[in-house]
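Visitor: Let me begin by handing over the structure; questions about it come next.
The values are calculated or read from the model by the stated rules, or taken from the named source; none is laboratory data. Note that the coordinates shown come from a computational prediction; the quantities given were computed from them, not determined experimentally. Neighbour counts run over all protein chains shown; Cβ positions are idealised from the backbone, glycine included. Note: areas computed on protein heavy atoms with side chains; ligands, DNA, RNA excluded. Shrake-Rupley method; radii C 1.70, N 1.55, O 1.52, S 1.80 Å.
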Amino acid sequence: MTAAMSVTLVNDRSEVERLSRLVDAFGVAEGLQPDAIFSVNLALDEVVTNIIRYAHDDGRQHPIVIRLTLEPGVLTVEVEDDGRAFNPLEAPAPDLHASIEDRPIGGLGIHLVRSVMTSVEYRREDGRNLLTMKKRW
């Protein structure tokens, strides 16, 4: 059996809270474990916040499409936006052993996403960023 949810956000920080509530409701309705719901919300918070902050510099509203598809044993999360091309998977892994003063800014977010999700893939298609994350159990 497959269950799905799709929501279109705009690039406004208040949308992250709305998304979290929708993911919570979807997860509870579909019987997902609380840890899986938490992981997906954590990853989405990081990804969507970065899109809101960095994908556009024109001050206009832009859509961010989130799709969740639940199949036995795997939840697939797709994030699509029309911002500037950015492959977060090309960011270098952070040096977690360096002191906070010696670490460059950035890189921890995608590291966090990679650590809570089973897989993360990126592609650029028709002028849009498409990030696909999977959580298996």
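Visitor: Would you pick out the residues in the range 81-116 that are modelled with pLDDT of 80 or more and either open to solvent by 90 Å² or more (accessible area, probe 1.4 Å) or among the basic types (K, R) (or both)?
Guide: The answer is R84, F86, E90, R114.
Visitor: Still on this structure, I have one more. Looking at (1) closer than 17 Å to E125 by Cβ; (2) within 11 Å of the chain's Cα centre (by Cα); (3) open to solvent by less than 50 Å² (accessible area, probe 1.4 Å); (4) not basic (K, R), which is the one condition that is false for E78?
Guide: Only one criterion in (1) closer than 17 Å to E125 by Cβ; (2) within 11 Å of the chain's Cα centre (by Cα); (3) open to solvent by less than 50 Å² (accessible area, probe 1.4 Å); (4) not basic (K, R) is unmet by E78, namely (3).
Visitor: Can you name every residue in the range 27-60 that is in contact with a Gly (Cβ under 6 Å, 6 or more places away or on another chain) and either part of a loop (DSSP other than H, G, I, E, B) or among the hydroxyl-bearing types (S, T, Y) (or both)?
Guide: A55, H56
Visitor: Another question, if that's okay. Counting just the residues of the range 25-40 that are buried (at least 20 other Cβ atoms within 10 Å of the Cβ) and either without any contact (Cβ under 8 Å) to a residue 24 or more places away in the chain or on the phi > 0 side of the Ramachandran plot (or both), which one comes out farthest from the chain's Cα centre (by Cα)?
Guide: G27
Visitor: Give the range 34-61 a look and list any residue that's over 18 Å from M117 (Cα atoms) and among the β-branched types (V, I, T), or say none. Let's see the steps before the verdict.
Guide: So in the range 34-61, the residues over 18 Å from M117 (Cα atoms) come out as 51-61.
I51, I52, listed by residue number.
Visitor: Within the range 116-137, how many residues are part of a strand (DSSP E or B), in contact (Cβ under 8 Å) with a residue 40 or more places away in the chain and not aliphatic (A, V, I, L, M)?
Guide: 6
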